[in-house]
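What follows is one structure encoded as structure tokens, with my remarks underneath.
Just so it is clear, none of the values below were taken in a lab; they were calculated from the coordinates. No experiment lies behind these values; they were computed from the predicted model shown. Cβ atoms come from the backbone with ideal geometry, glycine included; neighbour counts cover every protein chain shown.
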Amino acid sequence: MFGTFAAVVEINYKFFYFSMIDKLVQLKESALREIGATKSAGELEQLEIKLLGRKSGELTLLLKGLKNLSDEEKKSAGQLANEVKGAIEKALAAKKSELMTGEWKNSLEKERVDVTQPALPVEERGHFHPNTLVQKDLEDLFTSMGFMVLDGPELESDYYNFTAVNIPPEHPARDMQDTFYIKGHSDWVLRTHTSSVQVRAMQKYGVPLRAIVPGKCYRNEATDPRHEHTFYQLEGIVIDKNISFAHMKGVMQAVADHLFGVGTELRLMPKFYPFVEPGVRGELTCFLCHGKGCRVCKNTGWLEVMPGGMIHPNVLREGGVDPKIYSGFAFGFGLTRLVMLKYGIEDVRHLESGDLRFIKQF
Ligand SMILES: [Zn+2]
């Protein structure tokens, strides 16, 4: 009786044991199969929890049955369980690295840049505007003579544009330089000349001073082939002790030689400008007819391109310079006019037109 009971118990124990061994072996096989079929890292992560999760992983649940086994059986079943766990972990790790490498390769492939691919052809290459070409050319010439190249605001105060250069509010010269004003700011103007930078330069750099100021200017003009509301000037200013008319003539001659060739003649004719005393209009022999007279020089043989003069003492004083000690000269070349002469442009309005058929010729 007892023997029978013991045998039944024995059989039950054996049943638990063999069933456990079976289940472990099955678990290992199915786990390895599932791992092998996994397609993504996220899927693999879910599978890892399903198999080895601490609370309800399949292996964890299976091992709970160990307590029903004899010590000896526990030992061998436990050993098998460890082997199964080790095999699953190993397969998981291998699959994980395989998937990651694949994903890494995929992302690398997506981001791949073929450095050997020939560049796309440049269909159109930009270039400088003729104004800029002449401006840069003159900047090179003047810096070679020790001049600074300065800039100034295009939206200028009434003071720097007019009053500071000896054009007080009641002065008739203001009528000839009507410009654009800003609504609500009666004291602001679009500068009518680059001379607006003269006093700014004296105040900022003091004396001695040698500078040019190329830049855009504005006038409220009825436009025609010779007049435009927007144009370019190139201001020049030299102040030091004992500066004379001869220095100015020398600089103008150097510019004339540079632009139109050595041998170009320069003559200085008297002309009034409020900010110089005395003032001159510098004229050059026509580069086209060499003085014989033609359409470009209106048959005079001369081109008026270099207005200038000795800086008026009032202007020096506004800049904080003592006219008893220092003297200087200033000139304001019509940069736009020089561009037109150099390239034979018959209508000033082409320059600001933005018409590519015009611009592409330079
Ligand atoms: Zn001529």
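Quick one: net charge around GLU48, please, counting Lys, Arg +1 and Asp, Glu -1 for every other residue with C-beta under 14 Å from its C-beta.
Surrounding charge for GLU48 is +2.
Around ILE311, which amide H atoms from residues at least 5 apart in sequence, or from another chain, sit under 5 Å from its own amide H, with H modelled in the peptide plane?
GLU277, GLY328, PHE329, ALA330
Which value at 222 nm does the chain reach when only helices count, each DSSP H run of 4 or more adding -39,500 (n - 2.57), with the total divided by all residues and rounded to the nearest 500 deg cm²/dmol?
Using -39500 (n - 2.57) per qualifying helix, the result is -14500 deg cm²/dmol.
Given the pairs LYS249/LYS324; LYS292/LYS324; LYS216/LYS249; LYS271/LYS360; LYS241/LYS292; LYS216/LYS360, which span a C-alpha to C-alpha distance of over 32 angstrom in this model?
Violating the 32 Å limit, Cα to Cα: LYS292/LYS324; LYS271/LYS360; LYS241/LYS292.
For helix 2-37, what angle does its Cα long axis make with the longest principal axis of the chain, in degrees from 0 to 90 and rounded to 10?
20 degrees
What is the angle, in °, between the Cα long axis of helix 41-52 and the longest principal axis of the Cα atoms in the chain? Nearest 10 is fine, range 0 to 90.
The helix 41-52 is inclined about 30 degrees to the chain.
Tell me which of ILE35, MET148, ALA222 sits at the most positive position along the dipole axis of the chain, charges placed on C-beta atoms (Lys, Arg +1; Asp, Glu -1).
ILE35
What does the charge add up to near LEU150, with Lys and Arg as +1, Asp and Glu as -1, over the other residues with Cβ less than 13 Å from its Cβ?
0
Once phi is turned into θ = phi - 60°, what whole-Hz ³J(HN,Hα) does the Karplus curve with 6.51, -1.76 and 1.60 give for every residue of the range 78-86, x standing for Gly and Pro?
After applying 6.51 cos²θ - 1.76 cosθ + 1.60, I find x, 4, 4, 4, 5, 4, 4, 4, x Hz.
Tilt of helix 196-205 relative to the longest C-alpha principal axis of the chain, in degrees (0 to 90, nearest 10)?
Between the helix axis and the principal axis of the chain, the angle is about 70 degrees.
Please work out the Cα center distance from the range 221-294 to the range 82-139, rounded to the nearest Å.
Here the two parts' Cα centres lie 58 Å apart.
Sorting check: for 226-238, 60-72, 256-268, which peptide has the highest mean count of neighbouring beta carbons within 10 Å, and how do the rest follow?
Values: 226-238: 20.8, 60-72: 13.1, 256-268: 15.7.
Highest to lowest by the protection proxy: 226-238, 256-268, 60-72.
Tell me, what ³J(HN,Hα) does each residue in the range 325-331 have, in order and in whole Hz, if you take phi through Karplus 6.51 cos²θ - 1.76 cosθ + 1.60 with θ = phi - 60° and put x for Gly and Pro?
In residue order, the calculated couplings are 9, 10, 9, x, 10, 9, 9 Hz.
Each residue of the range 283-289 in turn: what ³J(HN,Hα) in whole Hz from Karplus with 6.51, -1.76, 1.60 and θ = phi - 60°, glycine and Pro shown as x?
Each residue's phi maps through the Karplus curve to give 10, 10, 4, 4, 5, 8, 9 Hz.
May I ask which of LYS28/LYS55; LYS39/LYS64; LYS74/LYS96; LYS67/LYS96; LYS50/LYS96 have a Cα-Cα span longer than 25 Å here?
LYS39/LYS64; LYS74/LYS96; LYS67/LYS96
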